[in-house]
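Down below is the structure, laid out as structure tokens.
Since every read-out is calculated from the coordinates, none of them should be taken as a lab result. Every value quoted in this text rests on a predicted model; they were computed, and no experiment measured them. Note that each Cβ is placed from the backbone with ideal geometry, even for glycine, and that neighbours are counted across all protein chains shown.
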């Protein structure tokens, strides 16, 4: 027998999150999406995940959904507390756009 810790059913925690963690969560969601090979399935598939029951999702869908819930809560609190900075990001075709490079 082993002992494990589990939150109480009625537990509700406030977790402090900094920008680095937020960006890591967003990067994790992109990584999961890439592993799910959703490029061919389209935006409708991604939107449909929110209407699926958790127990009807496969493991990758569950992981993606969980990370998206975390990101959504971070963004909700950031909006509520006016902790967002808006900035413009150049897109391909915009004057001055530079193709991103991978550094490693």
(message) Test of understanding: what is the full-extension gain from residue 17 to residue 35, defined as 0.36 nm times their sequence separation minus their Cα-Cα distance?
(response) 3.9 nm
(request) Could you work out how far helix 19-36 tilts from the main Cα principal axis of the chain, as a 0 to 90 degree angle to the nearest 10? (result) 90
(message) Need one number: nm distance between label points at residue 9 and residue 58, each 7 Å from Cα along Cα→Cβ, rounded to one decimal.
(response) 3.3
(message) Considering just Cα atoms, how many Å³ per residue does the convex hull of the chain enclose?
(response) 218
